[in-house]
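The values are calculated or read from the model by the stated rules, or taken from the named source; none is laboratory data. Treat the numbers as computed from the prediction; the structure is a model and nothing was measured. Cβ placement follows ideal geometry from the backbone for every residue including glycine, while neighbour counts extend to all protein chains displayed.
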Amino acid sequence: MIYINEINAAGKIAVDDTILVKDVPATAGSKMLENFKPLFSAEAVERLEKAGYAVAGKTNVGEFGLDLMGETSYFAPETENGSLVGAAASLVASGKVKAALNVDLNGAPRRAAAVSCVDFIKPTYGTVSRYGIIACACSGEQIGVTAKNADDAKEILSVIAGHDSKDGTSLPAEKYEYSTEENVAEMKICIAKELYDAASAEVKAKIDGFAESLKKLGAKVEEVSLGMAEQAKTAWQILMSAETTNNLSRFDGVKYGYRTPEYKNIDELYVKSRSESMGFLAKATIIYGSDVLAKAKYEKCYDKSLRIRRIVCDKAREILADYDAILAPACSQVSYKPYDTADAFEKVYEESLFTAIPSITGMPAMVTKGVQLIADSYKESVLLSIAKSVEV
């Protein structure tokens with residue numbers, strides 16, 4: 001099952017199921033929204049259609065995009081040869097579509113791209129409109145592009161990026177220009193030591209190979225300790241869970257979404273509707289988010305995480321003042337086997353070590369050739385140029 005809904009057989013752009021397409025079901029991988037049909041399309045989708053692109057279909061996602069790469073979807077996970085794959089990344093890898101739009105909430109599209117050996121770029125937060133996505137963690141989630149190569153990623157990103165007055169988090173520039181032709185020979189790239197050390201031997205080999213390719217192009221590659229990877233992971237988990245708790249509170253079985261068929265009062269309606277329609281990871285995230293927002297823990301958990309976010313941002317920019325990009329794993333391993341989703345909360349938390357820094361800082365990140373590149377804000381052209389130089 002690649003498409004949740006096929007829209008246009010001639011279309012070349014896939015859209016993940018947390019992004020709205022008018023009159024087409026948008027489920028976010030959850031039973032809660034199984035029959036929800038939006039009345040409008042996301043701004044990014046409208047911009048693509050106005051530019052002449054056609055949406056091929058909607059692709060499966062994990063419930064609300066919270067998991068590793070789709071394994072918690074109500075409609076069953078996508079697998080190939082017994083391993084988990086991301087539906088959009090797999091579709092792009094097969095050549096059936098030119099590119100896909102994905103919401104990067106907790107790194108799932110980056111992991112999926114790494115596993116399927118395609119490109120994914122998460123742009124600077126606020127450069128692509130979030131209007132028309134099913135929101136969970138508003139301060140970090142961002143629409144990005146999955147593509148076969150850097151040129152295709154640049155092409156689609158150039159279409160969808162730019163200010164949108166309907167999105168309160170949208171940055172003011174009307175248009176963003178991207179390039180894949182910056183001189184990589186003059187760049188300095190650092191390998192994130194803590195993330196490299198935490199990865200499997202197979203992932204380390206990919207990092208090593210990518211670094212050697214950069215050196216052959218003339219780039220300088222050094223190893224650097226980030227000094228804040230673990231803190232970023234924990235702080236992002238707290239912030240993401242807290243924001244998700246608030247955003248998912250709208251799904252209560254009253255106005256839209258799944259409603260339990262039997263209830264005696266309003267409280268039972270809320271409890272049974274949510275209990276019957278949400279999976280383990282969504283429930284665990286809501287409970288954890290509620291806990292960190294509780295009065296007794298607010299200052300030492302949520303408020304402290306906001307302050308850690310600022311420290312992580314400052315530290316990342318300090319490193320990127322000396323280097324053009326950070327080279328790191330996108331995930332700990334080259335493939336994932338299906339697992340008991342009762343273990344999902346812990347597994348996702350551990351894997352977010354590799355993806356949390358771009359999520360919590362809003363900095364752009366790109367996955368290519370199975371590795372991840374991180375740059376300072378508005379430096380997408382650096383990422384695209386590095387990716388293209390190694391792809392050629």
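Mind checking which residues of segment 339-392 are assigned to a helix (DSSP H, G or I), farther than 27 Å from Pro77 by Cβ and either modelled with pLDDT under 95 or hydrophobic (A, V, I, L, M, F, W, C) (or both)?
Val382, Leu383, Leu384, Ile386, Ala387, Val390, Glu391
Note down all Cβ pairs under 9 Å where the first residue falls in segment 67-80 and is over 14 Å from Thr18 (Cα atoms) and among the small types (Gly, Ala, Ser), the second is at pLDDT below 95 and surrounded by fewer than 24 Cβ atoms within 10 Å (Cβ to Cβ), and they're at least six residues apart or on different chains.
Pairs that qualify, where the first residue is over 14 Å from Thr18 (Cα atoms) and among the small types (Gly, Ala, Ser) and the partner is at pLDDT below 95 and surrounded by fewer than 24 Cβ atoms within 10 Å (Cβ to Cβ), are Ala76/Met1.
Yes or no: Val61 within 25 Å of Val128 (Cα to Cα), outside any loop (DSSP other than H, G, I, E, B) and either hydrophobic (A, V, I, L, M, F, W, C) or at pLDDT 95 or above (or both)?
Judged against the criteria, Val61 is not a match.
Six or more apart or on different chains, Cβ atoms under 7 Å: show the pairs whose first residue is in segment 35-54 and closer than 19 Å to Ile134 by Cα and whose second is at pLDDT 95 or above and in a helix (DSSP H, G or I).
Listed by first residue and then by second, the contacts come to Ala44/Ile160; Arg47/Val159; Arg47/Ile160; Leu48/Val159; Leu48/Ile160.
Within segment 225-238, can you find the residues that are surrounded by 17 or more Cβ atoms within 10 Å (Cβ to Cβ) and either among the aliphatic types (A, V, I, L, M) or part of a loop (DSSP other than H, G, I, E, B) (or both)?
Leu226, Met228, Ala229, Ala232, Ala235, Ile238
So which residues in segment 165-180 are within 22 Å of Asp152 (Cβ to Cβ) and either in contact with a helix residue (DSSP H, G or I) (Cβ under 6 Å, 6 or more places away or on another chain) or of a type outside the set (D, E, K, R) (or both)?
Once the filter is applied, which keeps residues that are within 22 Å of Asp152 (Cβ to Cβ) and either in contact with a helix residue (DSSP H, G or I) (Cβ under 6 Å, 6 or more places away or on another chain) or of a type outside the set (D, E, K, R) (or both), segment 165-180 yields Tyr176, Tyr178, Ser179, Thr180.
Could you list all residues from segment 115-148 that are among the aliphatic types (A, V, I, L, M), under 20 Å from Thr361 (Cβ atoms) and not in a strand (DSSP E or B)?
Ala135, Ala137 - these are the residues of segment 115-148 that are among the aliphatic types (A, V, I, L, M), under 20 Å from Thr361 (Cβ atoms) and not in a strand (DSSP E or B).
Which condition breaks for Ala342 when tested against (1) over 18 Å from the mean Cα position of the chain (by Cα); (2) crowded, with 20+ Cβ neighbours inside 10 Å; (3) within 23 Å of Ser83 (Cα to Cα)?
(2) is the only condition that Ala342 fails.
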